[in-house]
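Taking it in order: structure first as structure tokens, then the write-up.
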Amino acid sequence: MDGKIALEEHMAVPETLDDSLQIVGTAPGWELLRDRLLDIGEMRLEQMDKHGIEMTLVSLNAPAVQAIVDRQEAAEISTRANDHLAEQVAKNPDRFRGFAALPMQDPELAAKELARCVNDLGFVGALVNGFTQRDVSDSVVYYDIPEYRSFWATVAELDVPFYLHPRAQIKERDFATSGHPWLETAVWGFARETSIHALRLCGSGLFDEYPGLKVVLGHLGERIPYDLWRIDARMTVTGAEYKGARPIGQIFREHFHITTSGNFSDTTLRCCLDEMGVDHLMFSVDYPFEQTDEAAIWYDDTPILDDEQRRQIGRDNANKLFKLGLD
Ligand code: GRE
Ligand code: ZN
């Protein structure tokens, strides 16, 4: 399919490059990965052209800003990364748009930076890598807590989607994966961490306070769609402290949008389509951690979608959600 839009696609600046090296390790292939992370031009365009991707919404790698303990440094790196991304996007505005990296260590600074990115740089939303550390290295701050309500007010006011992207748990606090480092990141830990964060947002009353908020999750929903029935069923028994005005399933289906990044499975796509509906799914690759050819060849051929659904999920939904203004 031509004209696809991809939206969980990462770049790095020199200051954040090592974060990706630490996740993928020194396995062969790092040099190509590094070059692809640093490029927001020819290398990317070549892959996009080859596999029918008209536009890529580019974001900073993980965990990057969210793992910086010092608030000022976090703010400086975000600004630098966002300015760099804006410069590169401006060279190919028909092919690239930007997501803002945000210094979530300070909700007020994060809101200001998001407003600057959207209003002055033309960015389409924020992509944040899970919880933030701040002040001390083993800190874990989630965005459902009251301190972040003013930040969410800005997101709602600007009316842009917030992509909640994975990160790993803090190693010293992660007893569940000890002795099994392969469980820490993309195999399982990313989805465990991101799904909990998403459910915390659902259970905090946030979406009742800001009914227009839209959150995007990658990897076909970080495993939540598969379990929505059970979540709602068991909430009737153990949901006493839940603060949402609607059932979690309803909040999730209304406020969350899901991409195919790094999850090219027919059966999982079928589950997501049944649970979320065709309006709440979007194509993505997770470049350069995933291969564009694998993502696109699977997507273009998957028998789960008819031609109309393929067009909608591959292009129209993202065009509308991010107000890209493509034909
Ligand atoms: C991601 O951004 O989703 C990612 C990484 C590193 C390894 C795998 C992966 O940042 O999916
Ligand atoms: Zn990613």
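Taken together, the values in this text are just the output of simple stated rules run on the coordinates, not laboratory data. Values in this document were obtained by computation on a predicted structure and should not be read as measured data. Counting neighbours? That spans all protein chains shown, and the Cβs are built from the backbone with ideal geometry, glycine included.
Evaluate E = 1/(1 + (r/R0)^6) for residue 50 and residue 153, where r is the Cβ-Cβ distance and R0 equals 56 Å; express this FRET efficiency to the nearest 0.05.
0.85
By average Cβ neighbour count within 10 Å, what is the ranking of 252-265, 75-88 from highest down?
Output ranking for 252-265, 75-88: 252-265, 75-88.
For residue 14, what is the net charge nearby, where nearby means another residue's Cβ is under 12 Å from its Cβ and Lys, Arg count +1, Asp, Glu -1?
-1
How do 154, 56 line up, fewest other C-beta atoms within 10 Å first?
Starting with the residue having the fewest Cβ neighbours, the order is 154, 56.
Using 20 Å bins from zero, what percent of all Cα-Cα pairs in the chain falls into each bin?
33, 62, 5
Under the rule of at least 5 residues apart or a separate chain, name every residue whose amide H is placed under 5 Å from the amide H of residue 6.
55, 56, 57
Need one word for segment 1-95: rounded, prolate or oblate. Basis is the Cα gyration tensor (sqrt eigenvalues a ≥ b ≥ c); a/c below 1.5 gives rounded, then a/b vs b/c decides.
The shape class here is oblate.
Can you give the calculated 222 nm mean residue ellipticity of the chain, where each DSSP H run of n ≥ 4 adds -39,500 (n - 2.57) and the sum is split over every residue, rounded to the nearest 500 deg cm²/dmol?
-13000 deg cm²/dmol, from helical runs alone.
Taking K and R as +1 and D and E as -1, what net charge do the other residues with C-beta under 11 Å from the C-beta of residue 316 add up to?
That works out to +2.
Determine, for 214, 4, the number of other Cβ atoms within 10 Å of each Cβ, and report the residues in order from fewest to most.
Taking fewest neighbouring Cβ atoms as first place, the list is 214, 4.
What nm distance separates the two modelled labels at residue 246 and residue 180, each placed 7 Å from Cα along Cα→Cβ?
3.6
Report the relative contact order of segment 172-320, percent, no decimals, based on alpha-carbon pairs under 8 angstrom and at least 6 residues apart.
21
Can you put 182, 298, 152 in order of Cβ neighbours within 10 angstrom, beginning with the fewest?
With the fewest neighbours first, 182, 298, 152 line up as 182, 298, 152.
Find the centroid of the Cα atoms in segment 252-320 and in segment 123-186, then give the distance between the two in whole Å.
Segment 252-320 and segment 123-186 have Cα centres separated by 23 Å.
Measuring from label point to label point, each 7 Å out along Cα→Cβ, what is the residue 270 to residue 31 span in nm?
4.3
Can you find, among 211, 161, 89, the residue sitting farthest towards the positive end of the charge dipole of the chain, where Lys and Arg contribute +1 and Asp and Glu -1 at Cβ?
Going by the charge dipole, the pick is 211.
Within a Cβ distance under 11 Å of residue 247, other residues only, what is the Lys/Arg minus Asp/Glu net charge?
Taking every Cβ under 11 Å from that of residue 247, the sum is 0.
Got a sec to turn the phi values of segment 319-325 into Karplus ³J(HN,Hα) couplings, 6.51 cos²θ - 1.76 cosθ + 1.60 with θ = phi - 60°, whole Hz, x for Gly and Pro?
In residue order, the calculated couplings are 4, 6, 4, 9, 6, 7, x Hz.
Lysine pairs in the chain with Cα distance under 22 Å, only those 8 or more apart or on different chains: how many are there?
Lysine pairs meeting both conditions in the chain amount to 12.
Taking only C-alpha pairs under 8 Å that are 6+ residues apart, what is the relative contact order of segment 90-143 in percent?
In percent, rounded to a whole number, it is 32.
Could you calculate the contour length gain from residue 279 to residue 294, that is, 0.36 nm times the residue separation minus the distance between their Cα atoms, to one decimal place in nm?
Additional length available on full extension: 3.1 nm.
Label segment 170-300 by shape, choosing from rounded, prolate and oblate, from the square roots a ≥ b ≥ c of the eigenvalues of the Cα gyration tensor; if a/c is under 1.5 it is rounded, and otherwise prolate applies when a/b is larger than b/c, oblate when it is not.
Taking the square roots of the gyration eigenvalues as a ≥ b ≥ c, segment 170-300 is oblate.
Using a/c under 1.5 as the rounded threshold, could you call segment 231-327 rounded, prolate or oblate? The axes a ≥ b ≥ c are square roots of the C-alpha gyration tensor eigenvalues, and prolate needs a/b larger than b/c, oblate otherwise.
In terms of gyration-tensor shape, prolate.
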